[in-house]
Amino acid sequence: MTDPAEYEAYMREEWLLFSRDTARQNESSRVMDDIDVRRVLDVGCGGGQEMVPFVMRGANCVGIDISHASGVFGTRMFTAEYPGHPVRFVTSAAESLPFSNDSFDLVQCRVSIPYTNNRAALAEIARVLRPGGILLLKTHHLRFYTRKFADGVRQRSPLFSVHALRVLISGAIFHLTGRQPAGGLLLRESFMTEPLLRKELGRVGLQITGELSDSNPFTPSYRIVKRSVPA
């Protein structure tokens, strides 16, 4: 289990990094120039800093995270730094979102999807996103874990390499069979290549329309639209 003090220090660092990165903030804010965004959901929100650009432009924002501590920290930070803005936090898993169909104009999920049941999480995101709504999704590519494996070897950190290897095996099974391992020796954590992502998105009426400015070969970022709801 993660030490609470270490986890809070990690969330504070993430807040600081985001507050300094005006390019990322502007990229998020620009989405609101294209569509009417009044309701925003952040899946796997951590401390919730990624919601700041939307909050500042008047959107009602909800952050969900499986960690209750994330919501406690996020509530404290928004109360202190952005008082009076409509933000709330909910403790929930991405695979079972406690919201009605078509509840949100925009959903963001930044590097949380690798740790979920991808198919179930994407189906839930599509369900709560309104037709024409936007999903901002950041994933871990195959290259992310091959680099992690190589770094572990170079740094003589066997735990890094073993973890990366387990994810690579689990991800390979997912890509070859369409079935994501549930856990245990083969981790549920998985990488996602663009062809598989397009296939999984298509199942639930979502379509990639472009990449965001922070996209890179290791953690690609996509702009995705809800075109239709499958039968």
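Whether a residue is buried (at least 22 other Cβ atoms within 10 Å of the Cβ) and within 18 Å of the chain's Cα centre (by Cα) was assessed, and G71 does not pass this test. Here A182 fulfils each of the conditions (1) closer than 17 Å to I113 by Cα; (2) touching a strand residue (DSSP E or B) at 6+ places or on another chain (Cβ under 8 Å); (3) surrounded by fewer than 19 Cβ atoms within 10 Å (Cβ to Cβ) apart from (2). With respect to being farther than 16 Å from A94 by Cβ, among the small types (G, A, S), in contact (Cβ under 8 Å) with a residue 60 or more places away in the chain and crowded, with 18+ Cβ neighbours inside 10 Å, G171 falls outside the description. The set of residues in the range 13-33 being among the charged types (D, E, K, R), free of Cβ contacts under 8 Å to residues at least 60 places away in the same chain and part of a helix (DSSP H, G or I) consists of E13, E14, R20, R30, D33. Selection of the range 34-52 for residues being assigned to a helix (DSSP H, G or I) and under 16 Å from the mean Cα position of the chain (by Cα) yields Q49, E50, M51, V52.
Applying the condition of being among the aliphatic types (A, V, I, L, M), assigned to a loop (DSSP other than H, G, I, E, B) and under 26 Å from L142 (Cα atoms) to the range 93-124 and asking which residue is modelled with the lowest pLDDT yields V111.
The values are calculated or read from the model by the stated rules, or taken from the named source; none is laboratory data. Since we're looking at a predicted model, the values are computed, not measured. Every residue, glycine as well, gets a Cβ built from its backbone with ideal geometry; the counts of neighbours run over all protein chains shown.
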